[in-house]
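Below: the structure, in structure tokens.
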Amino acid sequence: MATISAASPYTQLPGTNGAGGSLSEHEGREGPPDQEAHDPASDKVPIIEDDEYFLRSIFVFFQVENTLFHVPSYRFTDESQIFAEMFKVPKENTANAERASRELPIILPDSISRTDFRNFLKALYPLPVVITLSLSKDEWLSVLKLSSLWYFLSFRDMAIAELECPEALTPTEKVTWGRDVKISSWVVKGYQEIVQRSTIISKDEALAIGYETTFSLFKLREQRLQASTRCTSFAVDTSVKEAFKDELENIRAEERGYAVKTEAAETAPAAKEAEHSAGACSCQGFFGEANVPPSPAPAKKAVGVAKKGKGSSSSW
């Protein structure tokens, strides 16, 4: 059996120089080919990062009520300027490893329910992946609530579009949600529908929208009925906007913070620098009460740090 000599990698194989095979120009001598030969290494293309699918992400733990959630961070950082600022952590700062730790999760405040957060994640990370999200009304409301709170602007727009389908929201829901998440058009539509409908305002509706608002709407309804009796016109849209002018102006002023992504990024609450102590991070301002970028607060709010076992967890 023929063997290859270990003396040189260029020794000819048996049968290539006398048994009908062609001879190499290097036949009869050992050693590498001429130096002028092409070097395959020169053909190597530099490795680059893909513009779309090179995800800069870590997995983070959130605790909502008594439930842990473990999700990649890229949706939070890509969609929300607030989270993008919050996750800007110096590499040498190991104290912030807490957000990637089961024992030291990011703790969301009591105002955010486990159901709301889970519904919000259904929009961010649908399981299974679908082209069109199929969420219920309550699930879309959860998405709207948290996307407005944290400035996930594309998801906020998506939720608004879904909830503007005919009969998706009652007139009262349009008013209350429009106030809460700063959608002035919903407030106007809700008022208009209440003024124009035949059914009277119920006690529960009055409690939801406020008695002062209820009184103003009763007044507009009476004016509309009188105009109908006299066969005169009554401009509901103009009358509603005039009666609630101050309220609508205040809502629109805050609503502008959601109008354009770049504008919202400039006006969103500035991410407060983390204060690190005993391996825990205490940050303020990310999960506050306001839905719209407020002016810089004159004083910092104290943030509680809940201790769990041997470690400690930030309460965000």
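Name the long-range amide H neighbours of Ile107: under 5 Å, sequence gap of 5 or more, or other chain; modelled H, no Pro or chain starts.
Distant-sequence amide H within range of Ile107: Gln63, Ser314, Trp316.
Hey, can you grab everything whose amide H is under 5 Å from the amide H of Val60? Only 5+ residues off in sequence or another chain; H modelled, so Pro and N-termini drop out.
Residues meeting the amide H criterion: Val71, Ser73.
Cα centroid distance between the stretch 105-148 and the stretch 151-174, in Å?
With the stretch 105-148 and the stretch 151-174 each reduced to a Cα centre, they are spaced 14 Å.
Can you give the net charge of the other residues whose Cβ lies under 12 Å from the Cβ of Lys241, counting K and R as +1 and D and E as -1? It would help to have the intermediate numbers written out before the result.
Working: positive: Lys189, Lys245, Arg252; negative: Asp237, Glu242, Asp246, Glu247, Glu249.
With Lys, Arg at +1 and Asp, Glu at -1, the neighbours total -2.
Quick one: of Lys145/Lys219; Lys137/Lys182; Lys137/Lys203, which pairs are farther than 22 Å apart, Cα to Cα? Please list the in-between numbers first.
Working: Lys145/Lys219 32 Å; Lys137/Lys182 18 Å; Lys137/Lys203 24 Å.
Beyond 22 Å between Cα atoms: Lys145/Lys219; Lys137/Lys203.
Based on the alpha-carbon set only, what is the convex hull volume of the stretch 169-258 divided per residue, in Å³?
Working: hull volume 7.7 nm³, N = 90.
Cα convex hull per residue, to the nearest whole number: 86 Å³.
For an R0 of 25 angstrom, estimate the FRET efficiency from the Cβ-Cβ distance between Phe234 and Ser185 and round to the nearest 0.05.
Details: r = 21 Å, r/R0 = 0.83.
Computed FRET efficiency for Phe234 and Ser185 comes out at 0.75.
Determine the sum of side-chain charges near Leu127: Lys and Arg each +1, Asp and Glu each -1, restricted to other residues whose C-beta is under 15 angstrom from that of Leu127. Don't jump to the answer; show the numbers that get you there.
Values: positive: Arg75, Arg118, Lys122; negative: Glu139.
For residues surrounding Leu127, the net value is +2.
Subtract the Cα-Cα distance of Thr115 and Asp138 from 0.36 nm times their separation in residues, and report this length gain in nm to one decimal. Display every interim value, and only then the final one.
Numbers: separation 23, 0.36 × 23 = 8.28 nm, distance 0.97 nm.
Extra length available between Thr115 and Asp138 comes to 7.3 nm.
Grab the beta carbon distance between Arg197 and Arg102, set R0 = 45 Å, and tell me the FRET efficiency rounded to 0.05. Please list the in-between numbers first.
Numbers: r = 52 Å, r/R0 = 1.15.
Efficiency computed from Cβ-Cβ geometry: 0.30.
Sort 59-65, 176-182 by the packing proxy (mean of other Cβ within 10 Å over each peptide's residues), most packed first.
Details: 59-65: 17.3, 176-182: 20.4.
Final packing ranking: 176-182, 59-65.
Among Val187, Tyr258, Gly210, which residue has its Cα positioned farthest towards the positive end of the charge dipole of the stretch 169-258, with +1 placed on the Cβ of Lys and Arg, -1 on the Cβ of Asp and Glu, and the dipole taken about the Cα centre?
The Cα lying farthest towards the positive end belongs to Val187.
No value in this document is a laboratory result; all are computed from the given coordinates. In this text, all values refer to a predicted model and were calculated from it rather than measured experimentally. Ideal geometry is used to build each Cβ from the backbone, glycine not excepted, and the neighbour counts take in all protein chains shown.
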